[in-house]
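Engineer: Below is a structure I'd like to ask you about.
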Amino acid sequence: MRILHLCDQNWVGMANAFVEAHRRHGHEARLVTLCECVNEFEEDICLHLPMLRGTSGHMALKGVMNRIHGHRPKRVRPPGEGPPIWRPRSRLEAALFRFREEVLWGPRIRRAIARHRLDTFDIYHLESGVGFYRDARFLREMKRRGKRIVSYYLGTDLRDRGVFPSIREISDLNLTCEWDHLEIDPTLEYFFIPFDASRHEFREPRVDKLRIVHAPRNRAVKGTELLLAAVERARRSVDFSLDLIEGLTHGEALRRKRAGNLLVDQVGDHGATGYGMNSLEAMAMGIPCLTSMTPSLAEFLEPHPFLLETPETLEDRLVALARDPGSLAERARAGREWVERVHAADRIVERIYATYRRLGWMDEAGNAVPPPANRTAEIEHGPRAGEEA
């Protein structure tokens with residue numbers, strides 16, 4: 001099979017794990033990113049499109065538009081069951097998205113499609129349900145040709161942005177690796193995050209002193225201020241260190257993380273799952289993870305290696321670990337074993353292939369199965385980019 005993974009920016013490297021696992025299974029897989037990411041994960045085909053989140057121009061424009069619209073969200077909840085959907089907040093905002101896609105992006109996207117033959121894949125796997133265009137014009141054409149569309153929701157996009165309805169209506173399969181997404185959209189199918197632990201050397205943690213590392217991409221989501229407050233209180237009675245890792249490339253962040261013997265991922269419930277690639281990297285390297293997660297997720301994961309705390313219990317736990325850092329050694333080994341067993345990328349894609357076979361997309365030999373001709377004949381063109389999303 002030929003599988004194309006598409007994401008706006010490669011924030012956490014999950015798409016790399018997917019692509020590499022597909023290739024190990026004998027499939028042709030590529031990764032297309034719309035814009036390079038400050039984290040500097042490995043790129044495959046990067047379009048370097050302007051005015052995307054995180055870039056200086058986009059952040060300035062976003063601030064202006066938020067002020068104009070009174071900081072109203074771009075998502076609305078449809079009547080009845082279903083996830084929130086993204087809509088432009090005004091004709092002005094719709095026009096700006098249309099200008100970006102038609103004038104600034106369109107020529108680069110068309111050149112990339114022609115140069116890399118991006119219209120010849122069997123499956124289009126959309127990270128966070130993102131395509132080239134908000135009106136899904138390219139994906140509609142691919143579906144007309146009998147291709148399959150998979151939307152894979154992760155991170156904060158479904159929570160904060162919602163789905164693009166033009167893409168959702170043609171998506172054949174909707175997946176997530178975020179536990180709370182199942183409450184937002186019960187139609188999603190859950191899969192663990194794919195992860196290759198072999199890329200990270202396991203080391204027995206130094207246990208002479210408690211060395212905490214915390215690497216938030218969003219302080220509010222990760223409860224960073226709650227952690228800092230607990231650390232300040234705990235330091236009144238015990239000695240330990242805290243390294244707050246922010247704004248670095250992925251390689252530099254990993255180097256700093258390796259010096260710790262405890263990762264604090266999240267404190268409190270602020271809309272995140274409780275663990276992700278940050279925790280998996282740490283545990284693969286032999287660094288136990290302390291976090292907060294919902295009781296339903298903790299029960300689903302049992303048995304698991306996480307140290308689970310709440311904002312109310314965190315200070316006492318830090319004091320106890322600072323007095324007995326040697327207790328982290330056994331949990332470090334358990335963490336590595338759990339990551340290898342539960343999150344192995346090859347195992348995750350094999351589960352996804354089983355879904356493809358169940359849907360009739362893939363035969364037992366791993367070859368693509370074309371859909372019946374009548375399923376590809378009647379897909380109408382959607383609205384212009386920005387008028388619906």
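The values are calculated or read from the model by the stated rules, or taken from the named source; none is laboratory data. It should be emphasised that the depicted structure is a prediction, and the values quoted were computed from it without experimental measurement. Note that each Cβ is placed from the backbone with ideal geometry, even for glycine, and that neighbours are counted across all protein chains shown.
Engineer: Against the condition more than 18 Å from the chain's Cα centre (by Cα), surrounded by 14 or more Cβ atoms within 10 Å (Cβ to Cβ) and touching a residue at least 40 places away in the same chain (Cβ under 8 Å), how does residue 29 come out, does it pass?
Structural biologist: Details: more than 18 Å from the chain's Cα centre (by Cα): yes; surrounded by 14 or more Cβ atoms within 10 Å (Cβ to Cβ): yes; touching a residue at least 40 places away in the same chain (Cβ under 8 Å): no.
No.
Engineer: Something else: Quick one: residue 232 ticks every box in (1) of a type outside the set (A, V, I, L, M, F, W, C); (2) more than 20 Å from residue 322 (Cβ to Cβ); (3) in a helix (DSSP H, G or I); (4) free of Cβ contacts under 8 Å to residues at least 60 places away in the same chain except a single one, so which number is it?
Structural biologist: (2)
Engineer: Can I ask one more? Mind listing whichever residues of the stretch 198-248 are of a type in the set (A, V, I, L, M) and out of contact with any helix residue (DSSP H, G or I) (no Cβ under 9 Å at 6 or more places or on another chain)?
Structural biologist: Just the residues of the stretch 198-248 that are of a type in the set (A, V, I, L, M), to begin with: 207, 210, 212-213, 215, 220-221, 226-231, 234, 238, 242, 244-245, 248.
Matches in the stretch 198-248: 220, 221, 228.
Engineer: Can you confirm whether the stretch 105-114 contains a residue that is under 24 Å from the mean Cα position of the chain (by Cα) and modelled with pLDDT under 95?
Structural biologist: no
Engineer: Do we have residue 350 as charged (D, E, K, R), under 22 Å from residue 175 (Cβ atoms) and modelled with pLDDT of 95 or more here? Lay out the reasoning, then the answer.
Structural biologist: Numbers: charged (D, E, K, R): yes; under 22 Å from residue 175 (Cβ atoms): yes; modelled with pLDDT of 95 or more: yes.
Considered against the rule, which asks whether it is charged (D, E, K, R), under 22 Å from residue 175 (Cβ atoms) and modelled with pLDDT of 95 or more, residue 350 comes out as yes.
Engineer: OK, next. Among the candidates 268, 276, single out the residue that is surrounded by fewer than 23 Cβ atoms within 10 Å (Cβ to Cβ) and in contact with a Cys (Cβ under 9 Å, 6 or more places away or on another chain).
Structural biologist: Numbers: 268 fails: in contact with a Cys (Cβ under 9 Å, 6 or more places away or on another chain).
Answer to the check: 276.
Every residue, every condition in (1) out of contact with any strand residue (DSSP E or B) (no Cβ under 9 Å at 6 or more places or on another chain); (2) within 23 Å of residue 331 (Cα to Cα), yes or no:
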{"site": "160", "(1), (2)": "no, no"}
{"site": "176", "(1), (2)": "no, no"}
{"site": "180", "(1), (2)": "yes, no"}
{"site": "187", "(1), (2)": "no, no"}
{"site": "197", "(1), (2)": "no, yes"}
{"site": "207", "(1), (2)": "yes, yes"}
{"site": "211", "(1), (2)": "no, yes"}
{"site": "214", "(1), (2)": "no, yes"}
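Engineer: Can you name the residue in the stretch 154-197 that is hydroxyl-bearing (Ser, Thr, Tyr) and assigned to a loop (DSSP other than H, G, I, E, B) and is also nearest to residue 23 (Cα to Cα) among such residues? Before the answer, list the steps.
Structural biologist: First, the residues of the stretch 154-197 that are hydroxyl-bearing (Ser, Thr, Tyr): 156, 166, 171, 176, 187, 190.
If we keep only those that are assigned to a loop (DSSP other than H, G, I, E, B) too, we end up with 156, 171, 187.
Working: 156: 28, 171: 24, 187: 29 Å.
Taking the candidates together, the pick is 171.
Engineer: Something else about it: For a quick check of your reading: which helices (runs of 4 or more DSSP H) sit entirely within the stretch 255-343 and have at least 1 residues that are of a type outside the set (Gly, Ala, Ser) and closer than 26 Å to residue 209 by Cβ?
Structural biologist: Hits in the stretch 255-343: 277-284, 314-323, 328-342.
Engineer: Moving on. Kindly indicate which of 73, 83 is part of a loop (DSSP other than H, G, I, E, B), touching a residue at least 40 places away in the same chain (Cβ under 8 Å), surrounded by fewer than 16 Cβ atoms within 10 Å (Cβ to Cβ) and in contact with a Lys or Arg (Cβ under 9 Å, 6 or more places away or on another chain). Talk me through it step by step, then tell me what you get.
Structural biologist: Values: 83 fails: surrounded by fewer than 16 Cβ atoms within 10 Å (Cβ to Cβ).
73 is the lone residue from the list that is part of a loop (DSSP other than H, G, I, E, B), touching a residue at least 40 places away in the same chain (Cβ under 8 Å), surrounded by fewer than 16 Cβ atoms within 10 Å (Cβ to Cβ) and in contact with a Lys or Arg (Cβ under 9 Å, 6 or more places away or on another chain).
Engineer: Then there is this: When you go through 142, 59 one by one, which is the residue that is in a helix (DSSP H, G or I), among the aliphatic types (A, V, I, L, M) and at pLDDT 95 or above?
Structural biologist: Details: 59 fails: at pLDDT 95 or above.
Answer to the selection: 142.
Engineer: Which one of 193, 184, 167, 123 is crowded, with 19+ Cβ neighbours inside 10 Å, within 30 Å of residue 302 (Cβ to Cβ) and either out of contact with any Ser or Thr (no Cβ under 6 Å at 6 or more places or on another chain) or at pLDDT below 95 (or both)?
Structural biologist: On the way: 184 fails: crowded, with 19+ Cβ neighbours inside 10 Å; 167 fails: within 30 Å of residue 302 (Cβ to Cβ); 123 fails: within 30 Å of residue 302 (Cβ to Cβ).
Of 193, 184, 167, 123, the one residue that is crowded, with 19+ Cβ neighbours inside 10 Å, within 30 Å of residue 302 (Cβ to Cβ) and either out of contact with any Ser or Thr (no Cβ under 6 Å at 6 or more places or on another chain) or at pLDDT below 95 (or both) is 193.
Engineer: Could you please let me know if residue 53 is of a type in the set (D, E, K, R), modelled with pLDDT under 80 and under 17 Å from the mean Cα position of the chain (by Cα)? Please lay out each step first, then the result.
Structural biologist: Working: of a type in the set (D, E, K, R): yes; modelled with pLDDT under 80: yes; under 17 Å from the mean Cα position of the chain (by Cα): yes.
It is true that residue 53 is of a type in the set (D, E, K, R), modelled with pLDDT under 80 and under 17 Å from the mean Cα position of the chain (by Cα).
Engineer: Another question, if that's okay. Confirm whether residue 67 is exposed (fewer than 14 other Cβ atoms within 10 Å of the Cβ), in a helix (DSSP H, G or I) and modelled with pLDDT of 95 or more.
Structural biologist: Numbers: exposed (fewer than 14 other Cβ atoms within 10 Å of the Cβ): yes; in a helix (DSSP H, G or I): yes; modelled with pLDDT of 95 or more: no.
When the stated conditions are applied, residue 67 does not pass them.
Engineer: Further, regarding this structure: Could you please find all residues in the stretch 149-165 being farther than 30 Å from residue 216 by Cβ and out of contact with any helix residue (DSSP H, G or I) (no Cβ under 8 Å at 6 or more places or on another chain)?
Structural biologist: 165 - this is the single residue of the stretch 149-165 that is farther than 30 Å from residue 216 by Cβ and out of contact with any helix residue (DSSP H, G or I) (no Cβ under 8 Å at 6 or more places or on another chain).
Engineer: Starting from the stretch 86-101, keep only residues that are in the same structural domain as residue 157 (by TED's automatic domain parsing) and of a type in the set (Val, Ile, Thr), then list their pairs with residues that are crowded, with 16+ Cβ neighbours inside 10 Å and not in a helix (DSSP H, G or I) whose Cβ atoms are within a distance under 9 Å, requiring at least 6 positions of separation or different chains.
Structural biologist: The qualifying pairs do not exist here.
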